[in-house]
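Inspection log for the structure reproduced underneath, given as structure tokens.
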Amino acid sequence: VLLQQAREELAAQQALGDQLKATFDENDKQLTELTETLRVRSGTLGEMFGVVRQYAGEFKGLFAASQNAVQFPERDALLTKLAESKELPSTQELEAFWHTILQQVVVSGDTSTTQATVVYGEGKEAVRDVTLVGEFNAIADGKYVIYVPQTGKFEELSRQPSKNITSQVAGFESAKGTYEPLFLDPSRGVILSLLVQSPTVQERIDQGGIVGYVILAMGAVGVIIALLCFLRLQIIGGKMRKQAKSDTVIPGNPLGEVIQAYQDHKGDNLEDLEAKLDEIILRNAPSIERFISSIKL
């Protein structure tokens, strides 16, 4: 009796298995047909889906690196959904997508002020009004700051650029509907970072150490000597110009000595006269050329 019951139960289970298998095969066939029907009816929507996913992923990275991302934190969720979705986007999502792209184009050429977190050199954070100059620069509290995409915050430069650059920041930041000049960094902060890394004059002097100070001291002495020589030569030149305009000999200048020697020895033969003039020139040359070798050194 037990054996008979077991056989009947086995037969029932086998029949149920065959029925389930037939149902599975029928469902699988129906799923294949429906998938093909969906593919045919969707047409180019499949291609559009791939394009939307691709560009949503690309724009997500570009927008995340943009300093204007602090003004529109909600667009990251939209782009993430479009980039990772396995379903066709809705009409509303497509409209929001192109609106986000247009929004980015507009703010890239606009100057606006928004509140954002600024990290200062000592590590302190504070919410400040940050003026965004398109995609190029950001300024806060009269200083240049740089956007850090990884944190979504702005960081103060370790050192501000030279005064001829930063002198325009305050006026630009406080402008109300007027045009104000401002130095822009088209590399979005790279050039500014390099500028602040370049040492100042004092830092360059300190880097030179003792050798640098010795060179500067020698240079200063050379400048002083050059100024003294310049003044002395100006005085000598003035006397010689005055002598050139005068018919009488004016003592105390090389040209006057040459003229006086010519007048005293013009009756001598040519060789003696030439020797006398050479003697006067050679006697005055050292005083004129004095300290030139020191300046060269």
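Each residue in segment 240-258 was checked for being assigned to a helix (DSSP H, G or I) and more than 12 Å from Lys276 (Cβ to Cβ), and 8 of them qualify.
Among the conditions (1) over 19 Å from the mean Cα position of the chain (by Cα); (2) not assigned by TED's automatic domain parsing to the domain that holds Leu192; (3) not aromatic (Phe, Trp, Tyr), Ala116 misses just one, which is (2).
Note on segment 18-117: enclosed helices (runs of 4 or more DSSP H) holding 3 or more residues that are small (Gly, Ala, Ser) and more than 30 Å from Ser174 (Cβ to Cβ) are 45-65. Residues in segment 102-150 that are more than 21 Å from Ser187 (Cα to Cα) and in contact with a helix residue (DSSP H, G or I) (Cβ under 9 Å, 6 or more places away or on another chain) were compared, and the one that is surrounded by the most Cβ atoms within 10 Å (Cβ to Cβ) is Ala116. Going by the conditions given, is Leu195 under 44 Å from the mean Cα position of the chain (by Cα) and in contact (Cβ under 8 Å) with a residue 12 or more places away in the chain? Here the answer is yes, as Leu195 does meet what is asked. The condition of being more than 25 Å from Asn137 (Cα to Cα) and surrounded by 11 or more Cβ atoms within 10 Å (Cβ to Cβ) holds for only one of Gln54, Gln67, that being Gln54.
The values are calculated or read from the model by the stated rules, or taken from the named source; none is laboratory data. Please read these numbers as outputs of a predicted model, since none were measured by experiment. We place every Cβ from the backbone using ideal geometry, glycine too, and count neighbours over all the protein chains shown.
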